[in-house]
Amino acid sequence: MFVRWACALLAIAASSVICDAQSTYDAIIVGSGPGGLVAAEYLSRDPSVSVLILEAGLKSLAATGGTAGPDYAKSQGLTAFDIPGEYDNTIYTRDYAQYRVDWISGTSMYLGKLVGGCSSINAALYFRPPNEYVTQMQWPFSAESMMSKMDENEKIHSHTDQPSTDGQWYTQEGYKIVSKAFSAQGHREVTINDASARNSKDKTFGHAPYSFKNGKRDTPANAFWAPMSKRSNVQLMTEAKVDYVLRTGGKATGVVYNGGNAKALLSSRGTVIMAAGAISTPKVLIQSGIGPSEQLNLLKGNNKFPGVAQADGITNPYVGRNLFDTNVVFPSFSHPDMKSFRYGDRASWAIDQYMNKNASGPFSSPGPTLIGYENFEVQGRMYEFQTTVLTRGFGEYTARNDALTTSLYVNNPESRAASGFDKNGNWYAFKEGTPYFGTNRDLVALQTYTSRVVGAMTAQGATFLSGSGSDADSVAKWVASNRGLIAHHFGGSCYASSDSSAGSKRCADEKMRVLGTSNVFVADASAMRDGTVNPYGFIMYMGREVAELVSSYISTGGAGDAWATQQPSQGITYGVQSSTDQSNES
């Protein structure tokens, strides 16, 4: 039977003693990101399965016990994370810095360190990928499996492209301007997540879809945590940063967290599920002695990394490699018909409507109004592009009352980076290579798309504010000068694949287990080989897929040939995705 955590930390001669839990667990989930919470909810439906979720950060939404938020929200027990309109006021402000990761060197990241991970602090844009995505990236599961499990998830969480509870769309001036510009170029308006639309994205646009319910965030920290929080066989611990996975050879036996001050152990049939995100999951794996040999050798003599020396290292050359992020630029436009809306202003009328009229009005949305897609070939490679329209200008144009932003993305770049430690034990997201315009083809692709969007907008009376001119050369120079902007759509750093050939660069096997281990599973964006639409919805699906595999492992205790440990192919890869690995070639 599951027993509540009941150990106290002891201090002897100013050094901490590792304290054990009074029970073991069938599943220890590292990180409470969307994949982790979805997996935990499914597993804990079985009262005989004990689940422990370890989250490095703090409580978030009201459902988790969070309380942080503006004074106006307290009368209704809401946090800033519950209210969509507070998005700009949380993720990008110093007041909420404690909710962002603080262990990445060299680069400022707006990655969530709170219950729900980035799904509690992002814009909650919710997309179903096209069916061909799973085939192109050699995902271990079929499109039918993806769709059926997303169907199952949607019985628990809500999604809508009309977030205001009164059924009205608000702050639509930018939508109207861009939709007119796109329609003139032959684009068609669709419902973004309809099967016919998501499987034929080229030259389409529609209203932004969110995982909201009753005007509030309905991401996993609410939708999935709320029902399982009442179950006696599941526990969520906050401020519990995992240091490394305890293991005997390739079998995990528990985890150590909070600087070695505490540990939790697995049952004989137990599993570890990595759900800390594409930047942090490889960090924990390498700290556990699982990763590229040069990284393990670098840390082996460092007493700050006891997990590396705990047993023979597991050489998995692809841990932390193949990291991608969506490439993005943020061009701003002015237009005589535009009426900008800045959420950071906290307009009193908008807050009054939200709080006193059933969570309706502009604050039922975080800002994006229109999503548009276009696919075309650049230098022999098929690229997938996305436009996300915001209700205000970007950067120096934020204060203008006639400005809007069209965030322009390359969703499937070929550029890759490698995360890793330096000799001093500092963790870098981009230790080698860059995910941003790392190839000239990626740069040309976004230059071409941006020029198309600028041309479409100026043809309808908009003025391109960001660049020195709207001609193709001026736009190309502007894009090149804005390289390196972070979209936070990371993935690929421990990707899973059905490809087990000698030349495979996969880090996890077709059962989502880290290669070289028997019971360490991946349930976050690390496992995605390639980019597609905003990945949050796919990560939730992945959590459900992994949960079913873990349930099967637990039921058999990992016995039999089906659960034999698989080893990685050797060699390292970073920098540029090879031609055989490009997910969207045609």
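Every number in this text was worked out from the coordinates using simple rules, so none of it is lab data. Please read all numbers here as calculations on a predicted model, not as lab measurements. No Cβ is skipped: glycine too gets one built from the backbone with ideal geometry, and neighbour counts run over all protein chains shown.
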Virtual paramagnetic centre 7 Å along Cα→Cβ of GLN76, amide N under 13 Å, in the stretch 336-366: 350-365
Most positive-pole-ward Cα, VAL475, SER268, SER44, against dipole of the chain from beta carbon charges: SER268
Difference of contour (0.36 nm per residue) and Cα-Cα distance, GLU144 to ALA502: 126.1 nm
Selected from SER229, SER196, THR253, residue furthest toward positive end of dipole (the stretch 149-263; charges at beta carbon): THR253
Violating pairs (Cα-Cα greater than 22 angstrom) within the set LYS230/LYS283; LYS213/LYS241; LYS176/LYS203; LYS113/LYS263; LYS59/LYS357; LYS155/LYS203: LYS230/LYS283; LYS213/LYS241; LYS59/LYS357; LYS155/LYS203
Three-way shape label, the chain, alpha-carbon gyration tensor, a/c 1.5: prolate
Listed peptides 89-97, 266-274 by packing density, highest first (mean Cβ within 10 Å): 266-274, 89-97
The stretch 522-565: translational diffusion in µm²/s, Stokes-Einstein, Kirkwood Rh over Cα pairs, 4 °C, 1.567 mPa s: 110
Under 5 Å, built H, 5+ apart or other chain: amide partners of TYR383: PHE376, GLU377, VAL378
Amide H contacts of ASN258 (H built 1.01 Å from N, under 5 Å, at least 5 apart or other chain): LYS241, VAL242, ASP243
The chain: calculated mean residue ellipticity at 222 nm from DSSP helix runs of at least 4, using -39500 (n - 2.57): -6000 deg cm²/dmol
The stretch 408-449 and the stretch 211-235: distance between their alpha carbon centers, rounded to Å: 34
Cα convex hull volume per residue for the stretch 252-405 (Å³): 266
Dipole magnitude of the chain, debye to nearest 20 (Cβ charges: Lys/Arg +1, Asp/Glu -1, about Cα centre): 880
Cα→Cβ-extended label distance, 7 Å offset, between GLU132 and GLU432, nm: 3.3
Euclidean distance between Cα centres, the stretch 342-361 to the stretch 240-277, Å: 44
Cα centre as origin, Lys/Arg/Asp/Glu Cβ charges: the stretch 481-522 dipole, Debye: 120
Computed E for ASP161/ALA459 - FRET, C-beta separation, R0 41 angstrom, nearest 0.05: 0.95
Charge-dipole axis of the chain as Lys and Arg at +1 and Asp and Glu at -1 on Cβ define it, positive-most pick from SER419, GLN295, PRO435: GLN295
Spatial separation of Cα centroids for the stretch 77-117 and the stretch 483-504, in angstrom: 25
